[in-house]
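Here is the structure we will look at, set down as structure tokens.
Read-outs: derived from the displayed coordinates by stated rules, not from any lab. These numbers were taken from a predicted model, which means no experiment stands behind them. Positions of Cβ are generated from backbone atoms using ideal geometry, with glycine treated the same way; all protein chains shown enter the neighbour counts.
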């Protein structure tokens, strides 16, 4: 599927390479939504009070509002190490898993603990971040998708996850950007992500 025009336009709003480099370091912080309630920083969260029945797929890159200009910009994917360092130092946000382009998978908050990563649904879901620009252009390498399928199969076994319980961040947050109400604030993991193919592979009978 071709990238949506709003995705392409937003990516063009990224300024000089220096600005993109400055923003990339905080990519995952910008890419997630702060949910209500407090969570411990680093790699722990409060105990869950809801049953896990959902996995949410994110990308580390995405649109945000430039605090300096007040205009929408696109944050690049960043690196696995930098994104984990940022998110694990954040006082509120958290994730459970991150997968790099080469298939390297790293765990963060334990699955039996709450990590705030998506508005309204964090209590019942597991967060998986994919290192990707999330713009519908940046491809997802085969090694990364293979690792995602393997992880989804494991989560399916651990929690009895159903196929319709795997959702994209953009499926759950339809809000608009504060700096441009005509644009979606969450479009990750983007149209380059082969969602149905991943579901077919993860839920295929042995």
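Spin-label model, residue 137/residue 66: points 7 Å from Cα along the beta carbon direction are separated by 1.6 nm. Stokes-Einstein diffusion coefficient for segment 146-196 at 25 °C in a medium of 0.890 mPa s, Rh from the Kirkwood formula over Cα pairs: what value in µm²/s? In µm²/s, the coefficient is 192.
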